[in-house]
Amino acid sequence: MLIGEVAKQSGLTRDSIRYYEKAGLLPAPYRRDNRYKEYPDDTVQRLTSIKTLQSLGFALGSIRELLELADAGATTCGDVGPTVQRKVRELDGQIAALTRMRSKLDSLFLCCKGARPDAGCAPVESLFRSP
């Protein structure tokens with residue numbers, strides 16, 4: 001399958017496919033005599049897996065690690081569990097940070113909510129003062 005067909009079936013651009021290939025997420029395709037790259041039929045499924053893992057927040061390094069496990073036939077929970085667990089811990093940290101940010105923004109909003117439109121807002125003004 002040529003890159004145009006892979007792009008069409010996967011919904012990715014040719015540049016994205018080339019990027020994933022250079023990043024080591026796709027095996028090097030066979031080169032025809034005319035130098036065109038011939039991708040195996042399972043390339044579209046692999047690209048779909050990459051897109052799914054990216055949508056779950058996995059970085060390319062972790063995706064590469066998971067693909068290597070899959071290529072080795074090591075897709076048991078014991079094999080992939082540590083990578084997934086790391087991602088869950090990372091997400092928990094991001095959720096905690098976002099919750100703190102939300103709380104601070106809520107405090108700023110509540111400070112200004114009942115104030116007159118022309119009144120100063122001390123918490124906001126403090127953001128623009130030197131410590």
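The values are calculated or read from the model by the stated rules, or taken from the named source; none is laboratory data. Keep in mind it's a predicted model, so treat the numbers as computed, not measured. Virtual Cβ from ideal backbone geometry, glycine too; neighbours counted across all protein chains shown.
Every residue, every condition in (1) within 23 Å of Phe58 (Cβ to Cβ); (2) at pLDDT 95 or above, yes or no:
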site	(1), (2)
Asp79	yes, no
Val84	yes, no
Ala96	yes, yes
Ser103	no, no
Leu108	no, no
Cys112	no, no
Ala115	no, no
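At least 3 residues that are surrounded by fewer than 16 Cβ atoms within 10 Å (Cβ to Cβ) and under 14 Å from the mean Cα position of the chain (by Cα) in each: list the helices (runs of 4 or more DSSP H) lying fully within the range 1-67 that qualify. Can you show your working first?
Details: elements: 3-10, 14-22, 43-55.
Correct list: 43-55.
I'm checking my understanding of the structure. Among residues of the range 79-131 that are of a type in the set (A, V, I, L, M, F, W, C) and in a loop (DSSP other than H, G, I, E, B), which one is farthest from Leu66 (Cα to Cα)?
To start, the set of residues in the range 79-131 that are of a type in the set (A, V, I, L, M, F, W, C) comprises 80, 84, 88, 91, 95-98, 101, 105, 108-112, 115, 119, 121-122, 124, 127-128.
Subsequent filtering for residues that are in a loop (DSSP other than H, G, I, E, B) retains 115, 119, 121, 128.
Working: Ala115: 53, Ala119: 55, Cys121: 50, Phe128: 46 Å.
Once the filter is applied, the top-ranked residue is Ala119.
Checking the conditions here, which among Arg31, Arg102 is outside the structural domain of Gly11 (by TED's automatic domain parsing) and either basic (Lys, Arg) or touching a Lys or Arg at 6+ places or on another chain (Cβ under 8 Å) (or both)?
Details: Arg31 fails: outside the structural domain of Gly11 (by TED's automatic domain parsing).
Only one candidate qualifies: Arg102.
Specify which of the listed residues (Val84, Val80) is outside the structural domain of Leu2 (by TED's automatic domain parsing), touching a helix residue (DSSP H, G or I) at 6+ places or on another chain (Cβ under 7 Å) and without any contact (Cβ under 8 Å) to a residue 24 or more places away in the chain. Step through it out loud before you land on a result.
Values: Val84 fails: touching a helix residue (DSSP H, G or I) at 6+ places or on another chain (Cβ under 7 Å).
Checking each option against the conditions leaves just Val80.
Hey, Leu53 hits all of (1) in the same structural domain as Glu5 (by TED's automatic domain parsing); (2) farther than 30 Å from Leu2 by Cα; (3) not small (Gly, Ala, Ser) but one; which does it fall short on?
Answer for Leu53: the failing condition is (2).
Where the second residue is in a helix (DSSP H, G or I) and β-branched (Val, Ile, Thr) and the first is surrounded by 11 or more Cβ atoms within 10 Å (Cβ to Cβ) and lies in the range 88-114, which pairs have Cβ atoms under 8 Å and are six or more apart or on separate chains?
Matching pairs, first to second residue: Leu108/Val124; Cys111/Val124; Cys112/Val124.
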